[in-house]
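Note sheet for the following structure.
Every number here is computed from the coordinates shown, using simple stated rules; none is lab data. No experiment lies behind these values; they were computed from the predicted model shown. Glycine gets a Cβ as well: all are built from the backbone with ideal geometry, and neighbour counts include every protein chain shown.
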Amino acid sequence: MAKPNGHEAARMIPLSTPVFQILLSLNDRDLHGYGIIQDISARTEGEVILSTSTLYGAIKRMIRDDLIRQSDMRPDPDLDDERRRYYGITEFGREVARCEARRIHKLAETIKKTRFVERTS
């Protein structure tokens, strides 16, 4: 399967919750799988908890689709387990995440206009 190019970012959306959350976790740093799970749980205040099978299935597809890459980055060897695999976002993955964020932002604006959800402020 050929890897998608930057012009295809908009065609990748909507993203599944796990895929979007993984991209958000990798936005500013490379992480290993358990670190991704922990980041997502902390950032969503426990609302999104990925199982390892969901995470690694998504990672496999995301690498295939050029959204993320396995990273060569290694932290201090004394603080790391050499079996860990680290992942980082690609430029294409960043563009896809931006497209998804814009879609979600537009959706949130539409919801606000309809007053479907009460405002909490």
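List the residues of region 94-119 whose backbone N lies under 15 Å from a point placed 7 Å from the Cα of Ser71 along the Cα-to-Cβ direction. Backbone N within reach: 94.
Packing here is the average count of other Cβ atoms within 10 Å per residue, and on that basis the peptides 30-40, 101-111, highest first, run 30-40, 101-111.
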